[in-house]
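Okay, so here's the structure we're looking at.
Every number in this text was worked out from the coordinates using simple rules, so none of it is lab data. Every value quoted in this text rests on a predicted model; they were computed, and no experiment measured them. No Cβ is skipped: glycine too gets one built from the backbone with ideal geometry, and neighbour counts run over all protein chains shown.
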Amino acid sequence: MGSARNRSARASLALVWMVSGLALVLSWTREVHAQAVGAMTLHYRDDHRRNWDGTGPRPLETAIWYPTSATGPVAATQGSFFELPSVVPDAPLADGRRTYPLIVISHGTGGCAPGMLWLGHYLAARGYIVVAANHHGNTCGEAKLDPRGFLLWWERPKDLTAILDHLLADPVWGPRIDRQRIGAAGFSLGGYTMIEIAGGRIDRARYAQFCASPARDFTCGAQPEFPDAPQLFQRLEPTDPVVQEALKHSGDSYRDPRIRAVFAIAPVFAEGFAAKDVAGIKIPVMIVVGARDRVAPPATNAKRYQELIHGARLVVIPGQVDHYDFVPVCSEQGKQSTEPNIQRLCHDAPGVDRQRVQHDVAAMALDFFDQHLGAKRLRM
């Protein structure tokens with residue numbers, strides 16, 4: 001639902017993450033943006049939760065992207081499997097007198113913040129501040145993965161809420177954010193996170209029943225990002241007090257009322273919800289998925305969410321668009337790699353232009369947030 005025995009792909013995006021917080025590979029060549037995009041890393045933490053090792057607070061490493069009037073130097077990294085838009089590290093935010101709408105982003109399983117830059121960059125270049133989480137234990141932004149990060153899914157919306165708390169209290173960023181214009185977006189497991197933070201409550205028993213049925217889909221199995229996660233989690237479940245306590249709260253509401261609209265890309269786990277479980281969602285929801293998605297098949301995921309959530313809008317991208325077409329565009333090195341996991345991430349079906357797909361989806365997200373957050377675009 002996003003890769004990492006695929007260690008090479010993880011290392012590639014992790015390297016991107018480490019250089020100046022976000023050193024990002026090649027230029028986005030399809031379009032000249034109105035403004036350059038600045039980038040920083042924010043080293044937040046959640047003092048109300050422990051890290052998975054129990055040695056300190058839960059880390060909330062966060063990327064922030066924003067419009068800037070600075071022109072350089074532009075960060076660049078060579079040898080990556082992926083192409084990412086260029087950013088200006090540690091640049092000042094444009095126009096110190098105005099406030100900006102905010103979008104909070106959640107990555108897919110085993111991914112990390114830079115993997116969502118194709119969306120964040122597009123929004124930031126058009127007048128949004130964008131923050132993207134690295135979800136502890138389930139991110140290539142860290143040295144290791146943790147099965148609890150993969151199986152305790154409902155910890156993710158709590159990450160977004162904690163990041164939002166920090167950001168609004170931050171003396172630099174807080175005064176620059178329009179608190180009446182906050183939205184969120186996510187991909188894959190991050191798409192599920194959108195349903196939770198909007199007010200949905202997953203029913204784990206319902207989802208387990210689906211996965212035990214002939215209708216089960218790819219989301220029910222071990223994910224290629226961390227194939228051993230389910231087995232390791234089962235070993236922890238009888239003895240780990242963190243796991244035991246978290247499981248008691250899987251069906252809680254993690255709605256954050258500050259978030260006014262959510263945009264879910266190829267969301268998963270829809271079979272874990274019934275109509276009553278999404279009755280608390282009162283904000284605009286837009287869902288986008290590729291017609292050929294084999295990781296999050298539309299019938300059991302995106303389409304089901306659209307049917308359950310009152311007023312939710314669904315766009316199914318026709319043709320051969322698949323799940324990993326929402327992973328960053330692959331460089332020539334990525335496309336030519338013989339590693340099976342890289343091939344999985346970098347393979348596009350005939351006729352699919354991944355960059356075009358991502359551009360079009362980012363434009364949909366911009367229109368959606370402009371409409372529901374009342375945002376005004378930067379002049380082109």
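Enumerate the amide H contacts of I317 below 5 Å, restricted to partners 5 or more residues apart or on another chain; note that Pro and chain-start residues carry no placed amide H.
So I317 has HN proximity to V289, G290, A291.
So for the chain: antiparallel DSSP bridges make up what percent, rounded to the nearest 5?
Antiparallel bridges: around 40 percent, rounded to the nearest 5.
Just to be sure I understand the model, the point goes 7 Å from the Cα along the line to the Cβ. What's the resulting Q234 to D178 distance in nm?
Taking the simple label geometry, Q234 and D178 are separated by 5.1 nm.
Under a 5 Å amide H to amide H cut-off, with H placed in plane at 1.01 Å, what residues pair with L60 once short-range neighbours are removed?
Y44, R45, D46
Suppose R0 equals 41 Å. What FRET efficiency, 1/(1 + (r/R0)^6) with r the Cβ-Cβ distance, do D95 and K303 give to the nearest 0.05?
0.50
Going by how many other beta carbons lie within 10 Å of each one, how would you line up H107, H347, fewest first?
Working: H107 30, H347 14.
Ascending Cβ contact count within 10 Å gives the list H347, H107.
Tell me, what ³J(HN,Hα) does each residue in the range 176-185 have, in order and in whole Hz, if you take phi through Karplus 6.51 cos²θ - 1.76 cosθ + 1.60 with θ = phi - 60° and put x for Gly and Pro?
9, 9, 7, 5, 8, 10, 10, x, 8, 9
Helix-derived [θ] at 222 nm for the chain: sum -39500 (n - 2.57) over DSSP H runs of at least 4, divide by residue count, nearest 500? Please report the intermediate quantities before stating the final value.
On the way: 12 runs with 112 residues, N = 380.
Estimated from H runs of four or more residues: -8500 deg cm²/dmol.
Would you calculate the separation in nanometres between label points at F218 and T55, each defined as 7 Å from the Cα along the Cα-to-beta-carbon direction?
3.5
Whole-Hz Karplus ³J(HN,Hα) for the range 230-246, in order, using 6.51 cos²θ - 1.76 cosθ + 1.60 and θ = phi - 60°, x for Gly and Pro?
My calculation for the range 230-246 gives x, 5, 5, 5, 4, 5, 7, 4, x, 10, 7, x, 5, 5, 4, 5, 4 Hz in order.
Any idea how far the Cα center of the range 288-313 sits from the one of the range 185-248, in Å?
Here the answer is 18 Å between Cα centres.
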